[in-house]
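Working notes, structure below.
The values are calculated or read from the model by the stated rules, or taken from the named source; none is laboratory data. These numbers come from a predicted model, not from an experiment. Here the Cβ positions follow ideal geometry from the backbone for every residue, glycine too, while neighbour counts run over all protein chains shown. Just so you know, the surface numbers come from the protein's heavy atoms only, side chains and all, with ligands and any DNA or RNA stripped out. Shrake-Rupley method; radii C 1.70, N 1.55, O 1.52, S 1.80 Å.
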Amino acid sequence: MSDIVILSGSPSEVSRSELVLKHLGELLKEVGFSVSHISVRDVPQEDLFLGKYDSDAIAEISTLIHGAKGVIVGSPVYKAAYSGVLKALIDLLPQDVLQDTPVLPLMTGGSSAHLLALEYTLKPLLATLKGQNLKGVYLVDSQIDKTNPAKPIIDQDVEQRIQKQVEYFSEIIERRKADLVVGQKV
């Protein structure tokens with residue numbers, strides 16, 4: 001099992017969202033977490049299109065997410081919301097797959113005009129899966145350098161904001177882990 005599961009809702013092979021999610025994964029690995037990355041592109045199209053909630057791929061994804069100590073979910077903005085293919089995948093997961101799990105939502109978009117998509121679309125979706133939403137991060141495409149996967153964030157203020165969110169996310173997970181250990185000793 002991985003400590004952190006990153007779920008990418010981008011259907012594009014060359015995605016800014018994907019770059020930022022991988023960057024977050026690297027930051028978390030640097031502080032000692034194991035990270036698994038799931039992309040909607042990795043899910044069999046037939047499972048998504050036909051709603052095969054009982055497929056092996058969906059069961060595997062559900063198990064990975066359910067066993068994670070924390071989850072990061074990211075998507076580009078499409079028509080003022082998360083991607084439809086991400087919604088198709090989430091519709092196939094158990095209703096409580098994120099039960100009491102810290103979730104860091106992330107969205108990328110062409111302009112700041114879609115900033116509220118994070119608050120009004122992605123966060124409520126994750127809350128229905130019983131996830132514990134963190135503040136989240138929204139990035140504008142111009143803040144991301146697609147040609148530099150090792151350091152995709154161009155804007156230093158944005159990089160600092162991401163660092164703070166990762167630190168807070170890590171602290172919550174470590175605190176929960178410590179609480180579980182204390183609870184087992186009692």
Checklist entry - Can you spot a residue in the range 21-28 that is out of contact with any Asp or Glu (no Cβ under 8 Å at 6 or more places or on another chain) and basic (Lys, Arg)? => result yes
Checklist entry - Just for the range 101-120: of the residues that are over 14 Å from the mean Cα position of the chain (by Cα) and either within 22 Å of residue 53 (Cα to Cα) or buried (at least 20 other Cβ atoms within 10 Å of the Cβ) (or both), which one is modelled with the lowest pLDDT? => result 114
Item to check | Test result for residue 123, out of contact with any strand residue (DSSP E or B) (no Cβ under 7 Å at 6 or more places or on another chain) and either basic (Lys, Arg) or on the phi > 0 side of the Ramachandran plot (or both) | outcome: no
Next on the checklist: With the structure loaded, tell me whether residue 2 is of a type in the set (Gly, Ala, Ser), in a strand (DSSP E or B), in contact with a helix residue (DSSP H, G or I) (Cβ under 9 Å, 6 or more places away or on another chain) and surrounded by 13 or more Cβ atoms within 10 Å (Cβ to Cβ) or whether it fails that test.
Outcome noted: no
Item to check | Residue match in the range 24-34 (condition: of a type in the set (Gly, Ala, Ser), modelled with pLDDT of 95 or more, surrounded by 13 or more Cβ atoms within 10 Å (Cβ to Cβ) and part of a helix (DSSP H, G or I)) | outcome: yes
Checklist entry - Considering 58, 4, which residue is over 25 Å from residue 147 (Cβ atoms) and touching a Phe, Trp or Tyr at 6+ places or on another chain (Cβ under 6 Å)? => result 4
Checklist entry - Do we find a residue being farther than 24 Å from residue 163 by Cβ and touching a Lys or Arg at 6+ places or on another chain (Cβ under 7 Å) anywhere in the range 66-82? => result no
Next on the checklist: Looking at the range 103-132 only, could you name the residues that are touching a helix residue (DSSP H, G or I) at 6+ places or on another chain (Cβ under 7 Å) and over 17 Å from residue 86 (Cα atoms)?
Outcome noted: 110
Item to check | Subset of the range 5-23 [within 17 Å of residue 126 (Cβ to Cβ) and part of a loop (DSSP other than H, G, I, E, B)] | outcome: 9, 10
Item to check | Unmet criterion (only one of (1) modelled with pLDDT of 95 or more; (2) closer than 25 Å to residue 64 by Cα) for residue 143 | outcome: (2)
Item to check | In the range 59-76, the residues that are of a type outside the set (Ser, Thr, Tyr), open to solvent by 20 Å² or more (accessible area, probe 1.4 Å) and in a helix (DSSP H, G or I) | outcome: 59, 60, 64, 66, 67
Checklist outcome for this item: residue 48: passes all of (1) more than 30 Å from residue 158 (Cα to Cα); (2) not in a helix (DSSP H, G or I) but (2)
Item to check | Answer from 17, 39 - the residue that is in contact (Cβ under 8 Å) with a residue 40 or more places away in the chain, open to solvent by less than 30 Å² (accessible area, probe 1.4 Å) and within 11 Å of the chain's Cα centre (by Cα) | outcome: 17
Item to check | Verdict on residue 5 being under 24 Å from residue 109 (Cβ atoms) and either at pLDDT 95 or above or polar (S, T, N, Q) (or both) | outcome: yes
